[in-house]
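Note sheet for the following structure.
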């Protein structure tokens, strides 16, 4: 579905990514893990079209999208749920969710997608008329993911969904991400919780200093001694 080849980019004159390559197969969960500042968010923002590519190529569904504007990538089905949720806090849960269906590709499936969002996140139906800013952190994250699902994604990019959440909520959230995957949506997950991210991943990539340092099956990577020393201290 997605193929990134020798991607190089950065901010201003500061280079952040150094020739990154990765592949995402249809219906898979692919996790990008690594420490803060490793370049994970820069990578997904380049895939989403927010940052320009200096060198390399990005191919999506067989089409070269390296220089395609971000709004056209949304119409192809590349939908990102950003770090920090970024809800409209003074609007209701329902209004926030509905805003995810602004693109042409998603308008015809609005009711169907709304039903799917409520099935995956039943609490959002209960809270649909509540002001989004009054939700708990976990509920806000569910609302943000629900809004992204309303965009009818082929590829759903999740940026640090567990950030700042209590462990029990993180556990629930990852179960919901697995539920989304079972509907056929392909997921590219950026996550600092290495254990959780790799447990649910078909494939995983470890990114350090703007480069891929390890890759492989999610559960296989969890058994890698170098990774265990670096992230779990064992």
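The values are calculated or read from the model by the stated rules, or taken from the named source; none is laboratory data. All values reported here derive from a predicted model rather than from experimental measurement. All Cβ positions, even for glycine, are placed from backbone atoms using ideal geometry, and neighbour counts span all protein chains on display.
Quick rundown of the values:
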read-out	value
Candidate set from the range 182-197 (those that are crowded, with 16+ Cβ neighbours inside 10 Å and over 30 Å from residue 14 (Cα atoms)); member that is nearest to the chain's Cα centre (by Cα)	186
The range 1-37: number of residues that are assigned to a loop (DSSP other than H, G, I, E, B) and either in contact with a helix residue (DSSP H, G or I) (Cβ under 9 Å, 6 or more places away or on another chain) or touching a residue at least 24 places away in the same chain (Cβ under 8 Å) (or both)	8
Single match in 157, 131, 177 (criterion: crowded, with 21+ Cβ neighbours inside 10 Å and at pLDDT 95 or above)	157
Restricting the range 54-64 to residues that are more than 19 Å from the chain's Cα centre (by Cα) and assigned to a loop (DSSP other than H, G, I, E, B), the residue that is surrounded by the fewest Cβ atoms within 10 Å (Cβ to Cβ)	62
Per-region count, the range 187-196, residues modelled with pLDDT of 95 or more and in a helix (DSSP H, G or I)	0
Counted residues, the range 202-234 - those being in a strand (DSSP E or B) and either free of Cβ contacts under 8 Å to residues at least 60 places away in the same chain or within 23 Å of residue 9 (Cα to Cα) (or both)	11
Subset of the range 216-227 that is closer than 20 Å to residue 36 by Cβ and surrounded by 15 or more Cβ atoms within 10 Å (Cβ to Cβ) - its residue that is modelled with the highest pLDDT	221
Selection within the range 65-81 - surrounded by fewer than 19 Cβ atoms within 10 Å (Cβ to Cβ) and closer than 23 Å to residue 207 by Cβ	66, 70
Test: residue 144 is touching a residue at least 12 places away in the same chain (Cβ under 8 Å), out of contact with any helix residue (DSSP H, G or I) (no Cβ under 9 Å at 6 or more places or on another chain) and in a helix (DSSP H, G or I)	no
Any helices (runs of 4 or more DSSP H) falling wholly within the range 90-130 and containing at least 1 residues that are touching a helix residue (DSSP H, G or I) at 6+ places or on another chain (Cβ under 7 Å) and under 24 Å from residue 169 (Cβ atoms)	93-99, 110-120, 122-126
Total residues in the range 82-120, condition loosely packed, with under 13 Cβ neighbours inside 10 Å and modelled with pLDDT of 90 or more	3
Evaluation of residue 73 against (1) over 27 Å from residue 229 (Cβ atoms); (2) not in a helix (DSSP H, G or I) (one fails), failing number	(2)
Any hit, the range 173-185, residues being part of a loop (DSSP other than H, G, I, E, B) and under 22 Å from residue 41 (Cβ atoms)	yes
Residue within the range 139-152 that is under 27 Å from residue 195 (Cβ atoms), at pLDDT below 90 and under 16 Å from the mean Cα position of the chain (by Cα) present	no
Unmet criterion (only one of (1) in contact (Cβ under 8 Å) with a residue 24 or more places away in the chain; (2) surrounded by fewer than 21 Cβ atoms within 10 Å (Cβ to Cβ); (3) out of contact with any helix residue (DSSP H, G or I) (no Cβ under 8 Å at 6 or more places or on another chain)) for residue 169	(3)
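The rows are residues; the columns are (1) under 19 Å from the mean Cα position of the chain (by Cα); (2) over 14 Å from residue 190 (Cα atoms).
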site: 6; (1), (2): no, yes
site: 13; (1), (2): no, yes
site: 21; (1), (2): yes, yes
site: 29; (1), (2): yes, no
site: 32; (1), (2): yes, no
site: 44; (1), (2): yes, no
site: 50; (1), (2): yes, yes
